[in-house]
Amino acid sequence: MSAHAESFRIHTRGKGTYQITEECQRIIQNSGIRTGTATVFVQHTSCSLVIYENADPSARTDLHSFFDHLVPEDTPYFVHTYEGPDDMPSHLRMVLTRTSEVVPVMNGRLTLGTWQGIFLFEHRRDPHTRSIVISVVGEK
């Protein structure tokens, strides 16, 4: 059994989804692990990770709209607004999604479905630099 961990940063332009599948795959190839699992983890509390439709961008547009409707920024009873009106909503959106994803690795590749991609889901309006850690465990 072998293990490999590596991290990378992604610069966001504000709210939205940013595909990170290729960078994750690059790290898996660097690991030399052929069969196992890859855990992808984002080290922040105001963004998240999702495995989502990667073929039609309108699916992500609908995802963004749904979360804006589900957790609006103008909710009057939010107390945690020190960093602005998108502060508490970003934390709630993160809790409703995930900070990590585990994907099987076969033949040295992520076994995502045909229309699946791994995305950083940025919940803040302003640009941020996000840190992502990938841990790959398995057989070489």
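The values are calculated or read from the model by the stated rules, or taken from the named source; none is laboratory data. Computed from a prediction, not measured in an experiment: that's the story for all the values here. Note that each Cβ is placed from the backbone with ideal geometry, even for glycine, and that neighbours are counted across all protein chains shown.
At-a-glance table
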| read-out | value |
| --- | --- |
| Selection within the stretch 18-44 - in contact with a Leu (Cβ under 7 Å, 6 or more places away or on another chain) and either under 20 Å from His91 (Cα atoms) or part of a loop (DSSP other than H, G, I, E, B) (or both) | Tyr18, Ile20, Val40, Val42 |
| The stretch 19-43: number of residues that are buried (at least 16 other Cβ atoms within 10 Å of the Cβ) and either free of Cβ contacts under 8 Å to residues at least 40 places away in the same chain or under 25 Å from His123 (Cβ atoms) (or both) | 10 |
| Single residue of Val105, Val133 found to be touching a Gly at 6+ places or on another chain (Cβ under 9 Å), in contact (Cβ under 8 Å) with a residue 60 or more places away in the chain and aliphatic (A, V, I, L, M) | Val105 |
| Test for Leu110: is it under 19 Å from Thr12 (Cβ atoms), of a type outside the set (Lys, Arg) and touching a residue at least 40 places away in the same chain (Cβ under 8 Å) | no |
| Condition check for Phe121: of a type outside the set (A, V, I, L, M), modelled with pLDDT of 95 or more and within 16 Å of the chain's Cα centre (by Cα) | yes |
| Criterion: exposed (fewer than 11 other Cβ atoms within 10 Å of the Cβ) and more than 15 Å from the chain's Cα centre (by Cα) - qualifying residue of Pro85, Pro104, Pro57 | Pro57 |
| Residue in the stretch 71-78 that is part of a strand (DSSP E or B) and of a type in the set (Ser, Thr, Tyr) present | no |
| Pairs, first under 15 Å from Lys15 (Cα atoms) in the stretch 55-71, second among the basic types (Lys, Arg) and surrounded by 15 or more Cβ atoms within 10 Å (Cβ to Cβ), C-beta under 6 Å, six or more apart | Phe67/Arg93; Val71/Arg93 |
| Candidates Leu70, Leu120, filtered to the one that is of a type in the set (A, V, I, L, M, F, W, C) and buried (at least 19 other Cβ atoms within 10 Å of the Cβ) | Leu120 |
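Conditions tested, residue by residue: (1) farther than 25 Å from Met1 by Cβ; (2) acidic (Asp, Glu); (3) in contact with a strand residue (DSSP E or B) (Cβ under 6 Å, 6 or more places away or on another chain).
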{"site": "Thr81", "(1), (2), (3)": "yes, no, no"}
{"site": "Met94", "(1), (2), (3)": "yes, no, yes"}
{"site": "Thr114", "(1), (2), (3)": "yes, no, no"}
{"site": "Phe119", "(1), (2), (3)": "yes, no, yes"}
{"site": "Val136", "(1), (2), (3)": "no, no, yes"}
{"site": "Glu139", "(1), (2), (3)": "no, yes, yes"}
